[in-house]
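The values are calculated or read from the model by the stated rules, or taken from the named source; none is laboratory data. Just so we're clear, the structure is a prediction, and the values are computed from it rather than from any experiment. Every residue, glycine among them, receives a Cβ derived from its backbone with ideal geometry; neighbour counts consider all protein chains shown.
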Amino acid sequence: MRINISKRKIKDPFVAKVEELSGQNLLACYQCGKCSAGCPAVSEMDILPNQIIRYAQLGFKDELMRSKSIWICASCFTCNARCPKGINIAEVIEAIRQILLRKRKDHLKVEKLSDADKGDVPPIAIISSMRKFTS
Amino acid sequence: MKISYYPGCTLKNNAKNFEDSALCSLKQLEVETEELDRWNCCGTVFSLATDDLIHHVAPIRNLIRVKETNTNRVMTLCAMCFNTLKRANERVKSDPESLDKINEFMYREQVKYEGDVKVLHLLELLRDEIKFENIAKKVVKPLKNLKIANYYGCLLVRPKEIGLDDVENPTVLENLMTALGADPIDFPYKTECCASYQTVDKPENVADRTYQILTSAQSQGAELVSLSCPLCAFNLDHRQKETVKKYPEFKNMPILYFTQLMALALGCPEEDLRLDLHYIDPKPILRKKGLL
């Protein structure tokens, strides 16, 4: 895969926003990959957790905002528990979701859920998916 | 002993089996529970964005309700409520400026929150105060020869700052099951995420996790799973329907709350176990072991 790294992308306000919303120092990451090794959801992800951090450092805003991964992460905090540099990766992913959700770009279309989808799903599931996937 | 109790929404709906069995067990252990007046939903997930204070209002308001009962601690059963209430509490305790803003937002409340309520999970109460050796003395129907895989999921143990046991290898449920006379078995997926709320729009992902977690427990000889989160319970129990569709060789397995097993061992009546609320019927295995 060919990727272009540029000063313009690295200085994009997106990078600062991700750091601000997540409260994390992205440059602390040295790409050991423990987050991706322990993540139970990697098989469904298109960009792995360690790659998310690298992309965020480099300002790869478009790639991150259209990635499947940010909607696959269920904030189980396994990555956070295992990061040797103390980075909260789940918070970084939350920050990217928030940037989209705050533009009213909902991921979950609640009105499209059928009665069968909702079925006997417990209230905590409905509420948490709305909290995570809608603005 | 008397303790304030915060149930949360799901304990009053899908997880009535969790609530009824917990309350009966506590009665057998001579603990008096007092459900909070006017409790509200905790929000189910702790808000992770640094600037998002509004979503901490709901959990903090519940802690005000605790203070109104003239006590300084509250017990929860649901792992999601436990995590959200405890994390929001720690968040405002470490950040007085946020706490001031949240208090100002709730200016109509009679009581001001000062970070002075302790959030406890039932498992902590059983382990640290009632103590397992005392529970063992009250067992009337030991769960003999019952091989139980104990599943923690995420929110009882992570993040480690608020978790109630070791973040990678918790053992509190195993120790409780041993006290109840059961044979707890160890398996590597006990803290693996069940895919949580993905169950709403991606049930097929949950089916994959359910398959992994339960086949791992079965390979170690487990006959049933005990757990403490109503969302994990839904995913591991009800989503077995989708799991069998995707993995036809998958063998169904009953999922119970640890409180149902405790209630059974402590001699609670069968109606308090609410065994009718399960997708996979746990009665056959319990009958086989002479427990029903």
Checklist entry - Residues in the stretch A:94-111: is at least one within 8 Å of chain B (Cβ to nearest Cβ), surrounded by fewer than 23 Cβ atoms within 10 Å (Cβ to Cβ) and free of Cβ contacts under 8 Å to residues at least 24 places away in the same chain? => result no
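Tell me which helices (runs of 4 or more DSSP H) are completely within the stretch B:178-272 and hold 2 or more residues being surrounded by 22 or more Cβ atoms within 10 Å (Cβ to Cβ), under 18 Å from the mean Cα position of the chain (by Cα) and more than 14 Å from every other protein chain (Cβ to nearest Cβ), or say none if there are none. If you could, list the steps in order and put the result at the bottom.
On the way: elements: B:203-219, B:230-233, B:240-246, B:258-265.
Output list reads B:258-265.
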Checklist entry - In the stretch A:16-27, which residues are under 11 Å from A:ASN88 (Cα atoms) and either touching a Pro at 6+ places or on another chain (Cβ under 6 Å) or more than 11 Å from chain B (Cβ to nearest Cβ) (or both)? => result A:ASN25, A:LEU26
Checklist outcome for this item: Note on B:ALA49: of the conditions (1) outside any helix (DSSP H, G or I); (2) in contact with a strand residue (DSSP E or B) (Cβ under 8 Å, 6 or more places away or on another chain), unmet is (2)
Checklist outcome for this item: Picked from the stretch B:1-14 (must be in contact with a Leu (Cβ under 8 Å, 6 or more places away or on another chain) and aliphatic (A, V, I, L, M)), the residue surrounded by the most Cβ atoms within 10 Å (Cβ to Cβ) is B:LEU11
Checklist outcome for this item: Residues in the stretch B:19-46 that are buried (at least 22 other Cβ atoms within 10 Å of the Cβ) and assigned to a loop (DSSP other than H, G, I, E, B) total 5
Checklist entry - Does B:LEU63 qualify as being surrounded by 17 or more Cβ atoms within 10 Å (Cβ to Cβ) and either under 30 Å from A:ALA16 (Cβ atoms) or free of Cβ contacts under 8 Å to residues at least 12 places away in the same chain (or both)? => result no
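Residues are listed down the side, and each one gets a yes or a no for (1) of a type in the set (D, E, K, R); (2) touching a Ser or Thr at 6+ places or on another chain (Cβ under 8 Å):
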site	(1), (2)
B:GLU114	yes, no
B:ARG127	yes, no
B:LYS131	yes, no
B:ASN134	no, no
B:VAL140	no, no
B:ASN150	no, yes
B:PRO159	no, no
B:GLY163	no, no
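Looking at the stretch B:144-157, which of its residues are part of a loop (DSSP other than H, G, I, E, B) and either surrounded by 24 or more Cβ atoms within 10 Å (Cβ to Cβ) or small (Gly, Ala, Ser) (or both)?
Keep residues of the stretch B:144-157 that are part of a loop (DSSP other than H, G, I, E, B), which gives B:144-146, B:151-157.
Passing the criteria: B:LEU146, B:TYR151, B:TYR152, B:GLY153, B:CYS154, B:LEU155, B:LEU156, B:VAL157.
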Item to check | the stretch B:122-134, residues that are buried (at least 17 other Cβ atoms within 10 Å of the Cβ), closer than 25 Å to B:ILE60 by Cβ and free of Cβ contacts under 8 Å to residues at least 60 places away in the same chain | outcome: B:GLU124
Item to check | Pair list, Cβ < 6 Å and 6+ apart or interchain, from the stretch A:34-46 residues that are within 20 Å of A:MET1 (Cα to Cα) to residues that are part of a loop (DSSP other than H, G, I, E, B) and not aliphatic (A, V, I, L, M) | outcome: A:ASP46/A:SER67; A:ASP46/A:LYS68
Item to check | Lone qualifier among A:ALA116, A:ALA125, A:ALA90 - being part of a helix (DSSP H, G or I) and at pLDDT below 95 | outcome: A:ALA116
Next on the checklist: Among the residues of the stretch B:155-173, are any more than 14 Å from the chain's Cα centre (by Cα) and under 26 Å from B:LEU291 (Cα atoms)?
Outcome noted: yes
Checklist outcome for this item: For the stretch A:9-57, the count of residues that are of a type outside the set (A, V, I, L, M), touching a Gly at 6+ places or on another chain (Cβ under 8 Å) and surrounded by fewer than 19 Cβ atoms within 10 Å (Cβ to Cβ) equals 3
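Give the residues of the stretch A:82-92 that are within 9 Å of another protein chain (Cβ to nearest Cβ) and buried (at least 22 other Cβ atoms within 10 Å of the Cβ), sorted by residue number. Steps first, please.
Our first condition is that a residue be within 9 Å of another protein chain (Cβ to nearest Cβ); within the stretch A:82-92, this holds for A:82, A:88, A:90-91.
A:ALA90 - this is the single residue of the stretch A:82-92 that is within 9 Å of another protein chain (Cβ to nearest Cβ) and buried (at least 22 other Cβ atoms within 10 Å of the Cβ).
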